[in-house]
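> First the structure, which I've put down as structure tokens, then a few questions once you've had a look.
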Amino acid sequence: MTETTQTTTEENEPDATETEAVLSEGTYEIIRKRLLQNGEQLREKLDLLNNERKAVFGSVETKLLNTEHITTANNCTAADMVEIGHHFIFGYNVFIGLKTQTTINDVFSLYEFDGEIFHEKPLTLLKDERFLSDFNNLYKYYRDTTFSRFAIRGSHLFMVFQVSKDTKDIKTFKWQINDNTLTYIDNRSDHEYTFPPQHEFEWQRATRDMQRNGHNPHIAIDERIFVETIHGDLTIKIEDNTESGQGIFSEPVEHNDQNLDDAEIYYALLGDIILLKIRPYQENRFRYLVYNEKVQQAIRIDAIEDACVLLPESQGLIFPKGYYLQSGEYKTFDNRLSDLQFEKRIISPNGEDYLYIFCNTASGTFVLLSYNIITQQVSTPIICHGYAFFDDGKMLYFRSENHAQKHHAIQIWQTPYCGPDFQFNTDATSSLYKIGNRDIVRCMAECTEIYNLINRDDSYANLYHDIARKTIDITDSYFWVDSADGQNIAKPLNAIHKTAESAITEFEKVVRTRENKAKQVAALEQETETKIDEIKSADLTSINTFVGFLNELLVRRGTGIASFELRYFYPQEFETFDQTTTTQTAQ
């Protein structure tokens, strides 16, 4: 009896043909479709929870309210603006002409902002005797002096002046900000006018002990990726294989003949993201690349050179021209600006929105990038030459014209970037209020990440493992997700977890099938290339020989078409093969 049972079990072991049959029935597709449905159910509940959250804690949307104008006494070129309580100082540069002395009225104007319009006020805010003396001396002894910008560092305001044609040759006046007033400190604090670190991580240099020798040597970065700049190109590989020079990323270098030691290679490890800073032999500039271990993708993003800071909740990176997420999603903006420095971030009171401000001090240009941790997206960048934020979240900004003028357009926007003392209309009786807005926002951000993973292409490494793990993390971390107040988002999360667990095994079958087909096609391509080489060197004067070779190519193309039509193979991989055989057949 035991013997019979063993024989039956062995006979029922699925072979490759049976596995194909199971896959052809669409088991994986059924699970995948179910997971997508679970994801939509989660999205619906998140929308309901978000609406309830906004009703309880208050919500401030970003929108354009109006465009107002201010008029200066003289034609001038606007330079910058800064808020001081309910007022703002407007800074500019006037062509003096025959006038022998520049006064503060030739550089600054003061306005009160009542939330809708501007009211010009006397410059009593700046009528400090020591400041007036220092100001007059500056313009007296430095003929090329121009006002450059305002800068707030902590509780201090810096007025920055350029005193020569060199943009780095500056002089600053330092003030203490006290609510609606200013107290002048000195003109000897240039060294305090600094920017925060432009990269919120440490670059590490690759060393010689990280080299792997072989026919195609490379440098191992944390044993996760392998980099080299020899044989005429910069290559990134994901396998520690020195016999092959092929990788997932390659681009030419300027000097073909260089050794593994000749390139400067730096790296930074940020979760699934590895940043690379590489300068091949005798090249003038570094190249900046981002590798994502999950999606096994490497792209070049040179905008990281200027500045690169971390997004909240370890969601990824943001830089002057775009952002890159841990999931592999990224976006860049073609703003045609360069030499942008990171100045500061502003966080909304709800912990949902983060504003990243970058500036070019030479041109006085600002780039404002607003990132939402729930949607995990950056809004359309705002490019301006001066901005100011007030406690109620209203933002003013202007774009300077290329010519001097008296009338200056200033846009008024409502934003969620309110001051810490701004009072929202909240419902303190709600259960959500007891949970706290920030906790809810954080949970929703993690749920959005799961939703995005569900809708990803399934080439993502360990996709279903990540989905299953993250759902458990959320249900374990937030006690309220299975309550009615939390819209019972635990229900779709549990369904997603169960479906993702089922998908793991089926997806492993899909991966094995893809790998087997890839090997078959690689062998077919190799055979076809060998046959093409044979044809090129053969004597084709005989019609029988010619027709024989033609038939062999047609048979191989037919075999290729049959292979590529099978389930779970990528169509783009067929195009190159088909084009090659079709071209050779036509010839």
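The values are calculated or read from the model by the stated rules, or taken from the named source; none is laboratory data. This structure is a prediction, so every number in the text was calculated from the model and none was measured. Don't worry about glycine lacking a Cβ; one is built from the backbone with ideal geometry, like all the others, and counts go over all protein chains shown. Surface accessibility is based on the protein's heavy atoms, side chains included, excluding ligands, DNA and RNA. Shrake-Rupley method; radii C 1.70, N 1.55, O 1.52, S 1.80 Å.
> So between ASN452 and ASP257, what do we pick up on full extension, going 0.36 nm a residue minus the alpha carbon distance?
Separation in residues times 0.36 nm, less the Cα-Cα distance, equals 65.8 nm.
> Does the stretch 399-459 classify as rounded, prolate or oblate by the C-alpha gyration tensor (a ≥ b ≥ c root eigenvalues; a/c under 1.5 gives rounded; else a/b over b/c gives prolate, otherwise oblate)? Let's see the in-between values first.
Details: a/c = 5.29, a/b = 1.48, b/c = 3.59.
Note, shape of the stretch 399-459 comes out oblate.
> Per-residue HN-Hα couplings for the stretch 52-66, Karplus 6.51 cos²θ - 1.76 cosθ + 1.60 at θ = phi - 60°, whole Hz, x for Gly and Pro?
The phi angles translate into 5, 4, 5, 5, 7, 9, x, 9, 10, 8, 7, 7, 7, 9, 5 Hz.
> Output the peptides 117-124, 498-505, 289-296 sorted from most to least packed, where packing is the average of other Cβ atoms within 10 Å over each peptide's residues.
Final packing ranking: 289-296, 498-505, 117-124.
> Ok, one more. Would you calculate the volume per residue, in Å³, of the smallest convex hull containing every Cα atom of the stretch 276-337?
89 Å³
> Output the Kirkwood hydrodynamic radius of the stretch 251-359, Cα pairs only, in Å rounded to one decimal. Don't skip to the end; give the middle numbers.
Details: mean 1/r = 0.0652 Å⁻¹.
In the stretch 251-359 this quantity evaluates to 15.3 Å.
> Solvent-accessible area of PHE195, probe 1.4 Å, all protein chains present, reported in Å² to the nearest ten, please.
50 Å²
> Which lysines have a Cα less than 17 Å from the Cα of LYS174, not counting those fewer than 8 places away in the same chain?
Of all the lysines, those that pass the test against LYS174 - Cα under 17 Å, at least 8 places apart if same chain - are LYS127.
> Could I ask something else about it? If ligands, DNA and RNA are left out, what is the accessible area of GLU329 with a 1.4 Å probe, given in Å² to the nearest 10?
70 Å²
> Can you give the alpha-carbon Rg of the stretch 457-508 over 2.2 N^0.38 Å, where N counts its residues?
Normalised by 2.2 N^0.38 Å, the Cα Rg of the stretch 457-508 equals 1.24.
> Under 16 Å Cα-Cα from LYS434, which lysines qualify once same-chain neighbours fewer than 8 residues away are excluded?
LYS54
> Using a 7 Å offset from the Cα along the Cα-to-Cβ direction at both GLU239 and ILE299, what is the distance between the two label points in nm, to one decimal?
Those two pseudo-labels are separated by 2.6 nm.
> Then there is this: Using a 1.4 angstrom probe on the protein heavy atoms only, could you order LEU260, LEU310 from most to least accessible area?
LEU310, LEU260
> With every protein chain left in place, what is the accessible area of SER477 in Å² (1.4 Å probe, nearest 10)?
80 Å²
> Show ARG336, ARG287, ARG456 ordered by accessible area, largest first, where the area counts protein heavy atoms only and the probe is 1.4 Å. Working shown, then result.
Working: ARG336 205, ARG287 15, ARG456 60 Å².
Putting ARG336, ARG287, ARG456 in descending order of accessible area: ARG336, ARG456, ARG287.
> Between ARG208 and GLN101, what FRET efficiency comes out of the Förster formula 1/(1 + (r/R0)^6) with R0 = 45 Å and r the beta carbon distance, rounded to 0.05?
E(calc), rounded to 0.05, equals 0.10.
> What percent does the relative contact order of the stretch 415-508 come to when contacts are Cα pairs within less than 8 Å and at least six residues apart?
Numbers: 50 pairs, mean separation 23.9, N = 94.
Averaging sequence separation for qualifying contacts and normalising by length gives 25 percent for the stretch 415-508.
> What are the principal axis extents of the Cα atoms in the stretch 383-518, in Å, biggest first?
For the stretch 383-518, the Cα spread along each principal axis is 72, 51, 16 Å.
> Taking every alpha carbon pair in the stretch 306-422, what does the distance histogram look like in 5 angstrom bins from 0, in percent?
Whole-percent P(r) values from 0 Å outward: 2, 10, 21, 22, 20, 14, 7, 2, 1, 0.
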